[in-house]
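The structure under discussion appears below in the form of structure tokens.
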Amino acid sequence: MALLIRVFAAALLMASLSSAQAPQPGPAQGRGQAPAPLLPGQANDPFPTPIPPTEGAIRVNVTEFASLPDIDGVAARMMHLINEPGSRRLFVNDMRGPLYSVSYDGKTVTPYLDINAPKWEVPVQSMGRERGFQSFAFHPQFAQAGTPGYGRFYTYTDTSYMMPAPDFPPAPGGMNTHDTVLLEWTAKTPGAAAYDGGPPRELFRLRQPFANHNAGHMAFNPNSAPGSGDFALLYVGVADGGSGGDPLNMAQNLGSAFGKVFRINPLGNNSRNKKYGIPPGNPFVNTAGAPR
């Protein structure tokens, strides 16, 4: 339960900070450094005034389930928790780059993949409180041998590596602080303790105009079954690009990828960059100028 509550608390903190005025860029924060101080008026404690134990109050008991390791003495920045039933494991990420597997009883926490490993050439940009390894999703066929999605999973990550041209540039006027990339990984043995596949395949890249409001959650529809129109389609949230109040007016601009929800077939190839598919049922598939 502690693991679940910590992940929820981290998401709550992200949402709270996203709605606040964006902080100005500060000194770089490494993997083992504590986050920058909060801005005036912000607090780590969402309930600074204790709730009185009056009649009708809900009592919650918490039991520690599992803990992720610190990095250089700094507590893990957990963001997302997924159950992968095919391999009978839970997975949870640290926003600074690692992805861990957790046994169903919570007794075993094992490093599965570190996006920050030099061999992948995807240095995670995790400064501040909103950047980093944002989200991940396992293809619904991840553990099903002989299927197109066998061994495949996806990570959504802010990175300081900006050499490739972005598929989706922002409107002019920003600072172009870093990129956000959607990556596909393919494990040779999905049930292995650690990732045993090769380098990731990049599906698309966003050039971020500001340091906050970067990316968000992504997921496959857990209620879709094989043969249905929504099966194995990946939903990807893209934030408005940052600063405060969307000064580049991208969220309301249908020609911009920012401030949108994408629905893609990660195994398709009819996008503009030919690296993913655009389902024919998407509402703007035939709209001129819409991001592809």
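The values are calculated or read from the model by the stated rules, or taken from the named source; none is laboratory data. In this text the structure is predicted, and so the values were computed from the model without any measurement. Cβ: placed from backbone, ideal geometry, glycine included. Neighbour counts: every protein chain shown. These area figures cover heavy atoms from the full protein model, side chains too; ligands, DNA and RNA do not enter into them. Shrake-Rupley method; radii C 1.70, N 1.55, O 1.52, S 1.80 Å.
If you go through the range 227-256 one residue at a time, how many are over 25 Å from residue 289 (Cβ atoms) and free of Cβ contacts under 8 Å to residues at least 40 places away in the same chain?
3
Residue check, residue 245 against (1) at pLDDT 95 or above; (2) open to solvent by 70 Å² or more (accessible area, probe 1.4 Å); (3) more than 24 Å from residue 138 (Cβ to Cβ), all met but one. Which one?
Unmet condition: (1).
Return yes when residue 63 is out of contact with any Leu (no Cβ under 7 Å at 6 or more places or on another chain), over 26 Å from residue 235 (Cβ atoms) and hydroxyl-bearing (Ser, Thr, Tyr) and no when it is not.
yes
A quick yes/no check of all residues on (1) at positive phi; (2) of a type in the set (Val, Ile, Thr); (3) out of contact with any Phe, Trp or Tyr (no Cβ under 9 Å at 6 or more places or on another chain); (4) at pLDDT 95 or above:
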site: 151; (1), (2), (3), (4): yes, no, no, yes
site: 161; (1), (2), (3), (4): no, no, yes, yes
site: 164; (1), (2), (3), (4): no, no, yes, yes
site: 167; (1), (2), (3), (4): no, no, no, yes
site: 172; (1), (2), (3), (4): no, no, yes, yes
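Do you know which residues across the range 188-197 are without any contact (Cβ under 8 Å) to a residue 40 or more places away in the chain and either among the aliphatic types (A, V, I, L, M) or within 25 Å of residue 292 (Cβ to Cβ) (or both)?
Residue satisfying the conditions is 192 alone.
In the range 152-179, what count of residues is obtained for those that are more than 21 Å from residue 240 (Cα to Cα) and either open to solvent by less than 10 Å² (accessible area, probe 1.4 Å) or assigned to a strand (DSSP E or B) (or both)?
Residues that pass the stated criteria total 3.
Of 114, 105, which residue is over 17 Å from the mean Cα position of the chain (by Cα) and either of a type in the set (Asp, Glu) or open to solvent by less than 40 Å² (accessible area, probe 1.4 Å) (or both)?
Going through 114, 105 in turn, the sole match is 105.
Could you list, in sequence order, the residues of the range 198-226 that are within 30 Å of residue 169 (Cβ to Cβ) and free of Cβ contacts under 8 Å to residues at least 60 places away in the same chain?
Of everything in the range 198-226, those that are within 30 Å of residue 169 (Cβ to Cβ) and free of Cβ contacts under 8 Å to residues at least 60 places away in the same chain turn out to be 198, 205, 206, 207, 208, 209, 221.
If the Cβ limit is 6 Å and pairs must be 6+ apart or interchain, which residue in the range 109-121 that is within 14 Å of residue 192 (Cα to Cα) pairs with which residue that is part of a helix (DSSP H, G or I) and of a type in the set (Ser, Thr, Tyr)?
Pairs that qualify, where the first residue is within 14 Å of residue 192 (Cα to Cα) and the partner is part of a helix (DSSP H, G or I) and of a type in the set (Ser, Thr, Tyr): there are none.
Could we say that residue 288 is over 25 Å from residue 212 (Cβ atoms), out of contact with any Lys or Arg (no Cβ under 9 Å at 6 or more places or on another chain) and not basic (Lys, Arg) here?
Yes; evaluated as a whole, the condition is true for this residue.
Quick check on the range 213-227. Is at least one of its residues of a type in the set (Phe, Trp, Tyr), more than 15 Å from the chain's Cα centre (by Cα) and open to solvent by 20 Å² or more (accessible area, probe 1.4 Å)?
Within the range 213-227 (the criterion being of a type in the set (Phe, Trp, Tyr), more than 15 Å from the chain's Cα centre (by Cα) and open to solvent by 20 Å² or more (accessible area, probe 1.4 Å)), the answer is no, since none of the residues qualifies.
Checking residue 259 against (1) surrounded by 15 or more Cβ atoms within 10 Å (Cβ to Cβ); (2) touching a residue at least 24 places away in the same chain (Cβ under 8 Å), only one condition comes out false. Which one?
(2)
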